[in-house]
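The values are calculated or read from the model by the stated rules, or taken from the named source; none is laboratory data. All figures in this text were calculated on a predicted structure; none of them were measured in a lab. All Cβ positions, even for glycine, are placed from backbone atoms using ideal geometry, and neighbour counts span all protein chains on display.
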């Protein structure tokens, strides 16, 4: 068998296994969106697919006072993360520090839905700001996004659920 025939055979078996449910962790809407059932990718996922892939993120940017970096890190680990972990719909958080600007820090939190993130924003975010306010140069800036793609185990598992 030539390479092209092998690839074609593999590809048709893969598509058939998706249809027969051998990959239950892959949502049908994902397969439809990427054209795995034939006919090419659909231009837009179905509304069912959009609900299924609803993971949402908040990105909080802080500029930490230089003499307060260690204290800021400790506050995040010991006070902020435990508050986040108790929130309904919280999935994960990633803290980042800039190589180019040592005072700049980002916290990316992942939520099961926009509603969960908004509930946290209204009910608990002010407590977080009160905890870190003495350690930052200015009020934190928040931006929100829908998660489109992730290879992170916890986030990818949530998206496939």
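Below, the figures for the structure above:
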{"read-out": "Filter result for residue 107 (without any contact (Cβ under 8 Å) to a residue 40 or more places away in the chain and within 23 Å of residue 136 (Cα to Cα))", "value": "no"}
{"read-out": "Test: residue 99 is farther than 18 Å from residue 116 by Cα and at pLDDT 95 or above", "value": "no"}
{"read-out": "Residue in region 65-75 that is over 24 Å from residue 148 (Cβ atoms), within 18 Å of the chain's Cα centre (by Cα), assigned to a helix (DSSP H, G or I) and free of Cβ contacts under 8 Å to residues at least 60 places away in the same chain present", "value": "no"}
{"read-out": "Residues located in region 85-109, provided they are closer than 22 Å to residue 70 by Cα, touching a strand residue (DSSP E or B) at 6+ places or on another chain (Cβ under 7 Å) and in a loop (DSSP other than H, G, I, E, B)", "value": "98, 103"}
{"read-out": "Residue 76 vs. criteria crowded, with 16+ Cβ neighbours inside 10 Å and either at pLDDT 95 or above or touching a strand residue (DSSP E or B) at 6+ places or on another chain (Cβ under 9 Å) (or both)", "value": "yes"}
{"read-out": "Scan of region 38-64 for residues that are modelled with pLDDT of 50 or more and either assigned to a helix (DSSP H, G or I) or more than 18 Å from residue 145 (Cα to Cα) (or both), ordered by number", "value": "63, 64"}
{"read-out": "When residues of region 110-149 are limited to those that are closer than 19 Å to residue 81 by Cβ, part of a loop (DSSP other than H, G, I, E, B) and without any contact (Cβ under 8 Å) to a residue 60 or more places away in the chain, the one farthest from the chain's Cα centre (by Cα)", "value": "124"}
